[in-house]
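The values are calculated or read from the model by the stated rules, or taken from the named source; none is laboratory data. Because the structure is a prediction, the values reported are computed rather than measured. Cβ placement follows ideal geometry from the backbone for every residue including glycine, while neighbour counts extend to all protein chains displayed. The area values use the complete protein model at the heavy-atom level, side chains included, leaving out ligands, DNA and RNA. Shrake-Rupley method; radii C 1.70, N 1.55, O 1.52, S 1.80 Å.
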Amino acid sequence: MSIISLTTDFGLSDGYVGVMKGVILGIAPDARLVDLSHEIAPQDVLQAAYVLAGAIPYFPQGTIHLVVVDPGVGSARRAIVVRTDAALFIGPDNGVLTPALADSSAQAWVLDRPEFRLPEVSATFHGRDIFAPAAGHLARGAPLEAMARSISDPVRLTMPTAQRTSDGGIRGEVVYIDRFGNLITNIPGSWLTGESAQCYLAGRLIPGPYHTYSEAPTRAPLALISSGGALEIAVRDGNAQQVLGADIGAPVLVSPA
Amino acid sequence: MSIISLTTDFGLSDGYVGVMKGVILGIAPDARLVDLSHEIAPQDVLQAAYVLAGAIPYFPQGTIHLVVVDPGVGSARRAIVVRTDAALFIGPDNGVLTPALADSSAQAWVLDRPEFRLPEVSATFHGRDIFAPAAGHLARGAPLEAMARSISDPVRLTMPTAQRTSDGGIRGEVVYIDRFGNLITNIPGSWLTGESAQCYLAGRLIPGPYHTYSEAPTRAPLALISSGGALEIAVRDGNAQQVLGADIGAPVLVSPA
Amino acid sequence: MSIISLTTDFGLSDGYVGVMKGVILGIAPDARLVDLSHEIAPQDVLQAAYVLAGAIPYFPQGTIHLVVVDPGVGSARRAIVVRTDAALFIGPDNGVLTPALADSSAQAWVLDRPEFRLPEVSATFHGRDIFAPAAGHLARGAPLEAMARSISDPVRLTMPTAQRTSDGGIRGEVVYIDRFGNLITNIPGSWLTGESAQCYLAGRLIPGPYHTYSEAPTRAPLALISSGGALEIAVRDGNAQQVLGADIGAPVLVSPA
């Protein structure tokens, strides 16, 4: 009984996600379907990659992660599968599977066999016609080798990484903003050693890092380690994105300890 | 193990959909529940009918489609089941099941047996008290004949259809707008023959029809065939509803080829 | 095959709910997961309690209700389980489980055993690290006695209750507003006897109580009994919250019959 996670930018109002599930269950009636997010901003491949990255460690061995954020649908971009020791990933070859490709065991495959698609493939909804059937067949136990051909050049996103500065500090940036307006950076929490680290968001000193939200005064900004293990800038009982006027890409500096 | 799809205008914040699922699983513990949409605009029976129509072909044989968009809840309107060779449909008798009734094999039934409802039936939540129990009992294998009485006069919506004009063109209209702002018309893609068809939205020439979104320049309007097989007017990487100022009912003309 | 309902204020865009489901299925692969709401207003413990209260009667015996609305995450607040004759409830000890504690069979337990958590517990996402694993282990059949320690002092919310006035009337208030803008009060419908009861919202006479929405003229305010059995003030085909300018806490009076 395979688990299939689904991540798209389709939203939940039009029935597109339900249709994909209908297709999957028609092929693999026992598959367990888990929505990761369908509220990815339209065509925001990078956001989908971050949501996927945060989920991978928490799903069981053998999970199939289906990600359809696909600005190039109908063009020549490939449909791919990435297989790691832990999971299978299905999506368009536009970099959205970069977190899977970062695994040292990752191998990429191109889905090039029409018999594992719906009989008619539209130009605008490969989630339904190509990706969902592929997930269904893999969930049902079809061997990847029969469905796809190994490739060596899957597209990878450049995901910005934090850098250590020459004076012993850290330079990073905001890479994800969640529903609560919390600003997630690309600075690994494990890089923050000692009590004396000072965090600056766009030049503004942010108190912390604290252990929990509740250590800061109400409505005050704070730094802490996110649930994903990265430096996070929040506002207690408030929305840091709004209060601090920050957006994706805002620079974050940590002064030398 | 039956599949039950759910479509409502209940939204996802109040727990109403979850309660319906609790009722279903109390009767049919093995049923597979798939959300189609719960973001139908309040009381928009026609929108629900279009979402349902787009989903029907992609669900497995025997699926039970439960649709609760029910402005007349508590009034004398009937609760009905439509059975086709492919599926079962449950909902209020207000036309929302019109896409099912369009199937030549369709038969309609009225749910008139109290023993297949919850013991107490409220005046305002038949989704929970009448429709969900009916879905559960059908999923569990209760024969429709024991639960309902055949009727010949189910309510049907008038869904506007495209017309061929005397000069060999086509006249249709926008009938659905999706989350991306794409304008779906009622003009079958199969009616568009030849390269020379020209599409006009409210008098404005729309380039195309193209095969995919990516053939148009960024931010440019285009016509193409939707994933449901109808003429669609979109804006590449943009929102056609907003950019073109069009709404449901906007006239669409295709000039003679 | 246990049913687990999930209620959070996480929203559906960030993947947090999907991650919790991944954790649960890793422990209890056969669990049936039902979303109740993930659109609880951020940190609104009282709203979550009302959503839970409305759902409890409609889920099967033995359901596990998981509720994570947790402003104090990472602080010293306890993680608890409430067991009643009908169901199990898991959540932070901040009063969100008050509707479960109102059951005369309710017993409270504190989850204090690290072996039933994820190996690493973050300071900001106990839904993933503590509550989801607890739900998974209970669904898999682990005895509560092995996972938790009985306590006698769980936190209870003060949920405002309606009062009978000395002149034979009723004084209550609006306690919940649903997606449609319907105003749900804390006045039990069973208290409204006779045809002559007159309802006032913030001093304004509201026609009714009617049996159904459709008895009132379009756009007119009306009182009726909600699907949860309480006095409700609505506007037919409209949004009572907006039309009547009312909010949570607005006083509602019922004059003597």
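Among the residues of this structure, B:Ala76 counts as one that is facing chain C (nearest Cβ under 10 Å), open to solvent by 30 Å² or more (accessible area, probe 1.4 Å) and not in a strand (DSSP E or B).
Taking the stated definitions as given, is C:Phe116 touching a strand residue (DSSP E or B) at 6+ places or on another chain (Cβ under 6 Å) and modelled with pLDDT of 95 or more? No; evaluated as a whole, the condition is false for this residue. Whenever a residue of segment A:167-196 is among the small types (Gly, Ala, Ser), its partners that are in a loop (DSSP other than H, G, I, E, B), lying with C-beta atoms within less than 7 angstrom and at least six residues away or across chains, give the pairs A:Gly168/A:Pro256; A:Gly169/A:Ser255; A:Gly169/A:Pro256; A:Gly172/A:Ala162; A:Gly181/A:Asn239; A:Gly189/A:Gly229; A:Gly194/A:Ala257; A:Ser196/A:Ala257. Pairs linking a residue in segment A:17-31 that is among the charged types (D, E, K, R) to a residue that is open to solvent by less than 10 Å² (accessible area, probe 1.4 Å), with Cβ atoms under 7 Å and 6 or more positions apart or on different chains, are A:Lys21/B:Val34. B:Pro160 falls short on exactly one of the conditions (1) over 20 Å from the mean Cα position of the chain (by Cα); (2) more than 14 Å from chain A (Cβ to nearest Cβ); (3) not hydrophobic (A, V, I, L, M, F, W, C), and that condition is (1). Going through (1) within 14 Å of chain A (Cβ to nearest Cβ); (2) among the hydrophobic types (A, V, I, L, M, F, W, C); (3) open to solvent by 10 Å² or more (accessible area, probe 1.4 Å) one by one, C:Leu88 falls short only on (1). Of all the residues in segment A:233-243, those that are open to solvent by 20 Å² or more (accessible area, probe 1.4 Å) and touching a Ser or Thr at 6+ places or on another chain (Cβ under 9 Å) number 3. A Cβ distance below 9 Å, combined with a sequence gap of six or more or placement on separate chains, defines the contacts here; from segment A:222-241, residues that are at the interface with chain C (Cβ under 9 Å from one of its Cβ atoms) reach residues that are of a type in the set (Asp, Glu) and in a strand (DSSP E or B) in the pairs A:Leu224/A:Glu232; A:Ile225/A:Glu232; A:Ser226/A:Glu232. Within segment A:198-221, the set of residues being open to solvent by less than 60 Å² (accessible area, probe 1.4 Å) and within 18 Å of C:Gln43 (Cα to Cα) comprises A:Thr212, A:Tyr213, A:Ser214, A:Ala216, A:Ala220, A:Pro221. State yes or no: is C:Tyr176 within 14 Å of chain B (Cβ to nearest Cβ) and of a type in the set (Phe, Trp, Tyr)? Here the answer is yes, as C:Tyr176 does meet what is asked.
On the given criteria, is A:Gly168 of a type outside the set (Lys, Arg), surrounded by fewer than 16 Cβ atoms within 10 Å (Cβ to Cβ), more than 11 Å from every other protein chain (Cβ to nearest Cβ) and within 15 Å of A:Val81 (Cβ to Cβ)? So A:Gly168 fails the test. Residues in segment C:131-150 that are within 14 Å of chain A (Cβ to nearest Cβ) and surrounded by fewer than 23 Cβ atoms within 10 Å (Cβ to Cβ): C:Arg140 only.
Checked against (1) part of a loop (DSSP other than H, G, I, E, B); (2) touching a Leu at 6+ places or on another chain (Cβ under 6 Å); (3) open to solvent by less than 10 Å² (accessible area, probe 1.4 Å); (4) not polar (S, T, N, Q), B:Glu39 passes all but condition (3).
All conditions in (1) surrounded by 16 or more Cβ atoms within 10 Å (Cβ to Cβ); (2) touching a residue at least 60 places away in the same chain (Cβ under 8 Å) hold for A:Met159, with the sole exception of (1).
Only one entry of B:Asp70, B:Asp85 meets the criterion of being touching a helix residue (DSSP H, G or I) at 6+ places or on another chain (Cβ under 7 Å) and acidic (Asp, Glu), and that entry is B:Asp70. The residues of segment C:209-221 that are more than 18 Å from B:His126 (Cα to Cα) and within 12 Å of chain B (Cβ to nearest Cβ), listed by number, are C:Pro209, C:Ala216, C:Thr218. Each residue in segment C:1-50 was checked for being within 8 Å of another protein chain (Cβ to nearest Cβ), of a type in the set (S, T, N, Q) and within 29 Å of B:Ala28 (Cβ to Cβ), and 3 of them qualify. Among the residues of segment A:43-59, is any under 20 Å from the mean Cα position of the chain (by Cα) and part of a strand (DSSP E or B)? No, because not a single residue in segment A:43-59 is under 20 Å from the mean Cα position of the chain (by Cα) and part of a strand (DSSP E or B). The set of residues from segment B:92-127 being at negative phi, open to solvent by less than 10 Å² (accessible area, probe 1.4 Å) and touching a residue at least 60 places away in the same chain (Cβ under 8 Å) comprises B:Val96, B:Gly127.
Among the conditions (1) in contact (Cβ under 8 Å) with a residue 24 or more places away in the chain; (2) outside any loop (DSSP other than H, G, I, E, B); (3) closer than 20 Å to A:Thr7 by Cα, the only one that C:Ser5 does not satisfy is (3). Filter segment A:213-257 down to the residues that are within 11 Å of A:Cys199 (Cβ to Cβ) and in a loop (DSSP other than H, G, I, E, B) and list them by number. Correct list: A:Ser255 only. Check C:Asp153 against each of (1) farther than 30 Å from B:Val17 by Cα; (2) within 14 Å of chain A (Cβ to nearest Cβ); (3) open to solvent by 20 Å² or more (accessible area, probe 1.4 Å) and name the one condition it does not meet. Against the list (1) farther than 30 Å from B:Val17 by Cα; (2) within 14 Å of chain A (Cβ to nearest Cβ); (3) open to solvent by 20 Å² or more (accessible area, probe 1.4 Å), C:Asp153 comes up short only on (2). Might you let me know whether segment C:51-72 holds any residue that is β-branched (Val, Ile, Thr), under 26 Å from A:Val67 (Cβ atoms), within 12 Å of chain A (Cβ to nearest Cβ) and crowded, with 19+ Cβ neighbours inside 10 Å? The answer is no; no qualifying residue exists. All conditions in (1) open to solvent by 10 Å² or more (accessible area, probe 1.4 Å); (2) under 22 Å from C:Met20 (Cα atoms) hold for A:Leu183, with the sole exception of (1). Just one of the listed residues (B:Ala246, B:Ala230) is surrounded by 15 or more Cβ atoms within 10 Å (Cβ to Cβ), out of contact with any His (no Cβ under 9 Å at 6 or more places or on another chain) and closer than 18 Å to B:Thr161 by Cα, namely B:Ala230.
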